[in-house]
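Beneath this line is the structure, given in structure tokens, with notes to follow.
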């Protein structure tokens, strides 16, 4: 009975649930890529306000960091949107969101175990969570990364050996 349940579970997991991975990665990647792009574009359009905000948070070199963060979010969002260099760009985007927790939502980060709702309701949470998911699992098959991998690393077709090949004539 238990063996039958295990076989049934494996069958469902492999034939149904595993097929959901790539569409879900696509949805998460496109959603968060668009959100990063819109957020970064808004920061680029209002660099003075972002610089003032970074100054109020005592971030060193506030203008340079505002330009860096806005550019990272804009370009990183576009890369996630199309699924190009997804794992690579997920690293600085995750670090960026962790720094956002350290500076703008420090209270939520410090009290993560005392008040988990405060941590999950903080603005950087969804950005950080999906960036880490993409870092861990990749962009999925519906991405330019997967297309490039198939194109660049496809194995060439084997060269057929003619059936009439004979030994070279003696010298």
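Annotations for the structure displayed:
A quick yes/no check of all residues on (1) in a loop (DSSP other than H, G, I, E, B); (2) within 21 Å of residue 35 (Cα to Cα); (3) free of Cβ contacts under 8 Å to residues at least 40 places away in the same chain:
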residue: 95; (1), (2), (3): no, yes, yes
residue: 101; (1), (2), (3): no, yes, yes
residue: 109; (1), (2), (3): no, no, yes
residue: 112; (1), (2), (3): yes, no, yes
residue: 117; (1), (2), (3): no, no, yes
residue: 132; (1), (2), (3): no, yes, no
residue: 136; (1), (2), (3): no, yes, yes
residue: 150; (1), (2), (3): no, no, yes
residue: 155; (1), (2), (3): yes, no, yes
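- Matching helices (runs of 4 or more DSSP H) fully within region 1-77 where at least 2 residues are touching a helix residue (DSSP H, G or I) at 6+ places or on another chain (Cβ under 9 Å), farther than 21 Å from residue 146 by Cα and at pLDDT 95 or above: 21-45, 47-56
The values are calculated or read from the model by the stated rules, or taken from the named source; none is laboratory data. Owing to the predicted nature of the structure, the values given are computational and were not obtained by experimental measurement. Don't worry about glycine lacking a Cβ; one is built from the backbone with ideal geometry, like all the others, and counts go over all protein chains shown.
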